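Participant: Please see the structure below; I have some questions.
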């Protein structure tokens, strides 16, 4: 059954210019909830410095359901949805104090022997306890535009160059960005994405219109699906390569690619389903045919996820 694994609030310093919790801090809280769940399942040392085994996430699906604003009390309930030999499907639901769902996360995690960086079987003590923490994924957490069940493409730099994908930013992951096991988690990756997207005009041409901004126009992410085919570690330098791949009046799909600058290989690939947002009314707005046409003129449909290709 789902059990509380994290409780706290949405602090003002965790919010962005939209006035609500930044997606990287949603992930930070969900990561704490995951770690809390597996400690409850008997992996008491898995997240300490010097651990020889750990649990890490490589595939995630997020839905944002009711925005968390500064000062909002929040709690997360977590459960095992499916347990396999070396991996597990985990579900998390973040609630507001009044019981409304704020966001959900469905993820595939793996049990890893750190010295050899290899997956290995769950211990018997975890399997025995897992029955107390098993449950079904609640209906609001199920995919709407994006699916965790899709096998995502991981385009290399050469393919993105050929297709004309934008190159909007670069940097390096630092020791402070890593987990005790040495890898960079999704929360730190999302923080780099959210602080780089201001350079991506192709996904949000509306932001070039001063009147749109002056009238409270903005944008908001509704759903995310991300895969980490290669681990990121401290000292890795990267490039951000987004591309608009599909659009309709309500949502636009943007593919996000993070590439290792030295090798050109894809280390993170995924999609965000997002929409236009009125900051004054705090609600979604529809895109016009003209806006959709401008998006698709610069789009790369060949990079769209399986359901839209």
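Participant: Looking at (1) on the phi > 0 side of the Ramachandran plot; (2) at pLDDT below 95, can you tell me which one residue 115 breaks?
Facilitator: (1)
Participant: Scan the range 82-92 and tell me whether some residue there is surrounded by fewer than 16 Cβ atoms within 10 Å (Cβ to Cβ), closer than 30 Å to residue 128 by Cβ, in contact (Cβ under 8 Å) with a residue 12 or more places away in the chain and outside the structural domain of residue 280 (by TED's automatic domain parsing).
Facilitator: Kept after step one, since they are surrounded by fewer than 16 Cβ atoms within 10 Å (Cβ to Cβ), are these residues of the range 82-92: 82, 84-86.
The next check asks that each one be closer than 30 Å to residue 128 by Cβ; those that pass are 82, 84-86.
Still in the list and also in contact (Cβ under 8 Å) with a residue 12 or more places away in the chain: 85-86.
Filter again for outside the structural domain of residue 280 (by TED's automatic domain parsing), leaving 85-86.
Yes, the range 82-92 contains at least one residue that is surrounded by fewer than 16 Cβ atoms within 10 Å (Cβ to Cβ), closer than 30 Å to residue 128 by Cβ, in contact (Cβ under 8 Å) with a residue 12 or more places away in the chain and outside the structural domain of residue 280 (by TED's automatic domain parsing).
Participant: So, one more: Taking the range 192-215, which residues are touching a helix residue (DSSP H, G or I) at 6+ places or on another chain (Cβ under 7 Å) and part of a helix (DSSP H, G or I)? Can you show your working first?
Facilitator: We begin by selecting, within the range 192-215, every residue touching a helix residue (DSSP H, G or I) at 6+ places or on another chain (Cβ under 7 Å); these are 194, 201, 205-207, 212-213.
The answer is 194, 205, 206, 207, 212, 213.
Participant: Additional query: Pick from 171, 164: which is touching a helix residue (DSSP H, G or I) at 6+ places or on another chain (Cβ under 7 Å), surrounded by fewer than 20 Cβ atoms within 10 Å (Cβ to Cβ), touching a residue at least 40 places away in the same chain (Cβ under 8 Å) and farther than 18 Å from residue 58 by Cα? Quick ask: steps written out before the conclusion?
Facilitator: On the way: 164 fails: touching a helix residue (DSSP H, G or I) at 6+ places or on another chain (Cβ under 7 Å).
The unique qualifying residue is 171.
Participant: Further, regarding this structure: Quick check: is even one residue across the range 64-77 more than 20 Å from residue 220 (Cα to Cα), in a helix (DSSP H, G or I), in contact (Cβ under 8 Å) with a residue 60 or more places away in the chain and not assigned by TED's automatic domain parsing to the domain that holds residue 278?
Facilitator: For the range 64-77, residues more than 20 Å from residue 220 (Cα to Cα), in a helix (DSSP H, G or I), in contact (Cβ under 8 Å) with a residue 60 or more places away in the chain and not assigned by TED's automatic domain parsing to the domain that holds residue 278: absent.
Participant: So residue 159 passes all but one of these: (1) closer than 30 Å to residue 251 by Cα; (2) in contact (Cβ under 8 Å) with a residue 12 or more places away in the chain. Which condition number does it fail?
Facilitator: In the conditions (1) closer than 30 Å to residue 251 by Cα; (2) in contact (Cβ under 8 Å) with a residue 12 or more places away in the chain, residue 159 misses (2) alone.
Participant: If we keep just the residues of the range 21-43 that are assigned to a loop (DSSP other than H, G, I, E, B) and modelled with pLDDT of 95 or more, which is farthest from the chain's Cα centre (by Cα)? Break it down stepwise before answering.
Facilitator: Pass one, the range 21-43, residues assigned to a loop (DSSP other than H, G, I, E, B): 22, 41-43.
The next check asks that each one be modelled with pLDDT of 95 or more; those that pass are 41-43.
Values: 41: 24, 42: 26, 43: 24 Å.
Selected residue: 42.
Participant: Please go through the range 286-309 and give me each residue that is in a loop (DSSP other than H, G, I, E, B) and crowded, with 18+ Cβ neighbours inside 10 Å, ordered by number.
Facilitator: Here is the first cut: in the range 286-309, the residues in a loop (DSSP other than H, G, I, E, B) are 286-288, 298-300, 304-309.
287, 299, 300, 304, 305 - these are the residues of the range 286-309 that are in a loop (DSSP other than H, G, I, E, B) and crowded, with 18+ Cβ neighbours inside 10 Å.
Participant: A follow-up question, please. Scan the range 46-60 and give yes if some residue there is at pLDDT 95 or above, outside the structural domain of residue 226 (by TED's automatic domain parsing) and closer than 28 Å to residue 282 by Cα, otherwise no.
Facilitator: Yes.
Participant: Checking residue 61 against (1) over 19 Å from the mean Cα position of the chain (by Cα); (2) in a strand (DSSP E or B); (3) within 18 Å of residue 190 (Cα to Cα): exactly one of these is not met. Which one?
Facilitator: Exception for residue 61: condition (1).
Per-residue answers, yes or no, for (1) within 24 Å of residue 224 (Cα to Cα); (2) out of contact with any strand residue (DSSP E or B) (no Cβ under 8 Å at 6 or more places or on another chain); (3) not in a loop (DSSP other than H, G, I, E, B):
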{"site": "110", "(1), (2), (3)": "yes, no, yes"}
{"site": "144", "(1), (2), (3)": "yes, no, no"}
{"site": "167", "(1), (2), (3)": "yes, no, no"}
{"site": "179", "(1), (2), (3)": "yes, no, no"}
{"site": "190", "(1), (2), (3)": "yes, yes, yes"}
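Participant: Follow-up question, since we're still on this one. Would you check if there is a residue in the range 251-270 being part of a loop (DSSP other than H, G, I, E, B), within 20 Å of the chain's Cα centre (by Cα), over 18 Å from residue 151 (Cα atoms) and touching a residue at least 60 places away in the same chain (Cβ under 8 Å)? Spell out how you get there, then give the answer.
Facilitator: Initially, the range 251-270 is screened for residues part of a loop (DSSP other than H, G, I, E, B), giving 251, 261-265.
From what's left, within 20 Å of the chain's Cα centre (by Cα): 251, 265.
Retained after the next criterion (residues that are over 18 Å from residue 151 (Cα atoms)): 251.
Then drop every residue that is not touching a residue at least 60 places away in the same chain (Cβ under 8 Å), which leaves 251.
Yes - at least one qualifying residue is present in the range 251-270.
The values are calculated or read from the model by the stated rules, or taken from the named source; none is laboratory data. What you see is a predicted model; the values in this text were computed from it and never measured. When we count neighbours, we look across all protein chains shown, and the Cβ atoms used for this are built from the backbone with ideal geometry, even at glycine.
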